[in-house]
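See below for the structure under consideration.
FYI, it's all coordinate maths here, none of it is from the lab. Model, not experiment: these values are computed from the prediction. Using ideal geometry, Cβ is built from the backbone for each residue, glycine included, and neighbour counts are taken over all protein chains shown.
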């Protein structure tokens, strides 16, 4: 402004400066910008309930509907996954029937890949560490990742195990950890993605942790050891500092369990600041209708509601925009309505910071 401006003009100019400095912005109000250039990602975490587990439990109870076996329920699972329409899924309990190595007609992988949404699977074997294809690789209760190739590009990925040696399915004995009480093949599959539209990079980890001995006796020490090993390896080895990341899966630990507490940034020296999206959404009014009604993520083989939230999504470098738990029933082969799995899927929408 020139020195020749009138006093009234100078006053008006000062008032405009003050207004621009004090004007509330989305960032100052704690609201994530949602403009057309915001990078958002819809992420699902879902335990698919492996066909072997279905057979093991359902055959013991003749009164339970046979429609919960994998083959008659595969159409219901497909419908649910399509309706969720996530950009990327962290799946757990993938077996040969679900992946397509056996029973191709009811393979979720084959059903999804024939669909127009263009899903691609990324799985590394929790048995031998090899990349799994439709004809090669060993699957046993495996975690994996499924994504839309139009949205994301897979840059690299792999698997590590949770028994203390990240490079092999074995347990490492410690003073208070007894390996005979757990499953050494519990693992975490990870992937590094590029978001196609923005070019931004992030990591997704899909994990399934132990909670029982081979004899079926609850043994929380195993789960806590799994949790510690997962977070240590993810923090120190898998995810580089400063790169956004998501850790999702069936953790078999509720928020009251000692293992769950290891996911939060309570440990000194941790490089990343992962936090629970459910907790954030609860405090921020971002819960969807299912999560508002109940935060339970499991049901029984008899289709009765459980009592725990054991499926979790933790993030670092993302701002949560929504969190929900989906409990819709879908028609199975005979047209009856059932929950497709003994877990409920968790669906979150995230903004990449």
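General remarks:
- Proxy reagent accessibility, fewest Cβ within 10 Å first, across 236, 101: 236, 101
- Ranked list, fewest to most other Cβ atoms within 10 Å of each Cβ, for 336, 245, 284: 336, 284, 245
- Kirkwood-based shape ratio for segment 39-352, expressed as Rg/Rh from alpha carbons: 0.93
- Compared with the direct C-alpha span, the chain from residue 293 to residue 337 gains 13.8 nm at full extension, assuming 0.36 nm per residue.
- FRET efficiency estimate (nearest 0.05) - Cβ-Cβ, residue 120 to residue 264, R0 25 angstrom: 0.20
- The per residue volume of the convex hull around the alpha-carbon atoms of segment 100-151 is 76 Å³.
- The C-alpha radius of gyration of segment 104-189, expressed as a fraction of 2.2 N^0.38 Å, stands at 1.30.
- Theoretical FRET efficiency, 1/(1+(r/R0)^6), r = Cβ-Cβ of residue 243 and residue 149, R0 25 Å, to 0.05: 0.75
- The simple Förster model, with R0 at 30 Å and r as the Cβ-Cβ distance, assigns residue 303 and residue 133 a FRET efficiency of 0.30.
- Listing 55, 82 from fewest to most neighbouring C-beta atoms within 10 Å gives 55, 82.
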